[in-house]
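Visitor: Before I ask anything, let me first share the structure, which is written out below as structure tokens.
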Amino acid sequence: MKKPLELAHDFLAEIISKEDIVVDATMGNGYDTLFLARLAKQVYAFDIQEQALEKTSLRLQEAGLANVKLLLQGHETVDQFVGEVKAAIFNLGYLPSADKNIITKPQTTIEALEKLCRMLIKGGRIAIMIYYGHEGGDIERDAVMDFVSQLPQQEYTATIYRTLNQINNPPFLVMIEKLERYRHG
Ligand code: SAH
């Protein structure tokens with residue numbers, strides 16, 4: 001069976017092509033940025049830690065990829081940098097190799113999600129990996145679940161992929177798709 005992060009990648013890879021503009025909302029170590037850069041025309045990657053930009057920049061150089069804009073900016077400002085997007089990915093929580101007090105926060109995460117849902121072109125997708133074992137993580141998890149659960153079903157489909165029998169708060173995946181056609185009734 002696929003791990004949530006593997007499914008997240010498959011879910012996005014299915015729809016991303018070399019014409020597409022996509023967003024990595026939480027750069028972190030840059031694995032997702034690299035993954036997206038191989039598939040898309042242009043990636044916009046966000047993080048508020050210098051360390052994330054340094055690591056990601058190295059990773060991209062090694063791979064010979066130059067189609068990424070690395071932004072030392074909160075993802076809640078995404079609309080200032082990008083217009084329409086085909087896909088986005090979030091990895092919530094803290095970066096294991098860095099300061100564990102620097103975490104994604106409910107208010108800014110929801111603001112970014114709300115903006116990206118609007119910016120998403122039809123058929124576009126968002127994958128959200130929810131890590132919630134840290135202090136405050138449960139509040140952010142609940143805020144994301146609330147937000148996603150309230151997306152209008154005529155316009156979006158939202159799905160969850162979560163292990164049911166694993167201890168220690170395993171991360172889980174929430175997937176959003178903006179529908180090709182507005183569904184009436
Ligand atoms: N928990 C995941 C990794 C999450 S990394 C795992 O274990 O694999 C989350 C990243 O989001 C961190 O690098 C952090 O600096 C970044 N971040 C926190 N707030 C942010 C914001 N408002 N905008 C963009 N990135 C943010």
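Visitor: Just to be sure, is THR77 in contact with a helix residue (DSSP H, G or I) (Cβ under 6 Å, 6 or more places away or on another chain) and at negative phi?
Guide: The answer is no for THR77.
Visitor: Residues GLU76, GLU62, GLU19: which one is free of Cβ contacts under 8 Å to residues at least 40 places away in the same chain and either crowded, with 21+ Cβ neighbours inside 10 Å or within 13 Å of the ligand (Cβ to nearest atom) (or both)? If you could, list the steps in order and put the result at the bottom.
Guide: Values: GLU62 fails: either crowded, with 21+ Cβ neighbours inside 10 Å or within 13 Å of the ligand (Cβ to nearest atom) (or both); GLU19 fails: either crowded, with 21+ Cβ neighbours inside 10 Å or within 13 Å of the ligand (Cβ to nearest atom) (or both).
Sole residue among the options that is free of Cβ contacts under 8 Å to residues at least 40 places away in the same chain and either crowded, with 21+ Cβ neighbours inside 10 Å or within 13 Å of the ligand (Cβ to nearest atom) (or both): GLU76.
Visitor: Let me ask something else. Among LYS105, LYS100, which is the only one that is among the charged types (D, E, K, R) and surrounded by 13 or more Cβ atoms within 10 Å (Cβ to Cβ)? Quick ask: steps written out before the conclusion?
Guide: On the way: LYS100 fails: surrounded by 13 or more Cβ atoms within 10 Å (Cβ to Cβ).
Within the list LYS105, LYS100, the selection yields LYS105.
Visitor: Please count how many residues of the range 91-110 are under 20 Å from MET175 (Cβ atoms) and more than 8 Å from the ligand (Cβ to nearest atom).
Guide: Residues flagged as under 20 Å from MET175 (Cβ atoms) and more than 8 Å from the ligand (Cβ to nearest atom) within the range 91-110 amount to 2.
Visitor: Could you please find all residues in the range 151-168 being of a type outside the set (Gly, Ala, Ser) and in contact with an Asp or Glu (Cβ under 9 Å, 6 or more places away or on another chain)? Working first, answer last.
Guide: Applying the first criterion (of a type outside the set (Gly, Ala, Ser)) to the range 151-168 yields 151-157, 159-168.
Result: TYR156, THR157, THR159.
Visitor: Could you say whether any residue in the range 85-107 is of a type in the set (S, T, N, Q), over 22 Å from ILE16 (Cβ atoms), touching a helix residue (DSSP H, G or I) at 6+ places or on another chain (Cβ under 9 Å) and at pLDDT 95 or above? Spell out the reasoning first.
Guide: In the first step, residues of the range 85-107 are kept if they are of a type in the set (S, T, N, Q); the result is 91, 97, 101, 104, 107.
If we keep only those that are over 22 Å from ILE16 (Cβ atoms) too, we end up with 97, 101, 104, 107.
Imposing the further condition that a residue be touching a helix residue (DSSP H, G or I) at 6+ places or on another chain (Cβ under 9 Å) reduces the set to 97, 104, 107.
Within this subset, residues satisfying the condition of being at pLDDT 95 or above are 104, 107.
Yes, the range 85-107 contains a residue that is of a type in the set (S, T, N, Q), over 22 Å from ILE16 (Cβ atoms), touching a helix residue (DSSP H, G or I) at 6+ places or on another chain (Cβ under 9 Å) and at pLDDT 95 or above.
Visitor: Just to be sure, is GLY137 more than 23 Å from MET27 (Cα to Cα), at pLDDT 95 or above and surrounded by 13 or more Cβ atoms within 10 Å (Cβ to Cβ)?
Guide: Details: more than 23 Å from MET27 (Cα to Cα): no; at pLDDT 95 or above: yes; surrounded by 13 or more Cβ atoms within 10 Å (Cβ to Cβ): yes.
Criteria not met by GLY137.
Visitor: I would also like to ask the following. In the set PRO171, PRO152, which member is modelled with pLDDT of 95 or more and within 12 Å of the ligand (Cβ to nearest atom)? Step through it out loud before you land on a result.
Guide: On the way: PRO152 fails: within 12 Å of the ligand (Cβ to nearest atom).
Residue meeting the stated conditions: PRO171.
The values are calculated or read from the model by the stated rules, or taken from the named source; none is laboratory data. All figures in this text were calculated on a predicted structure; none of them were measured in a lab. Methodologically, a virtual Cβ is constructed for each residue, glycine included, from the backbone with ideal geometry; neighbour enumeration extends over all protein chains shown.
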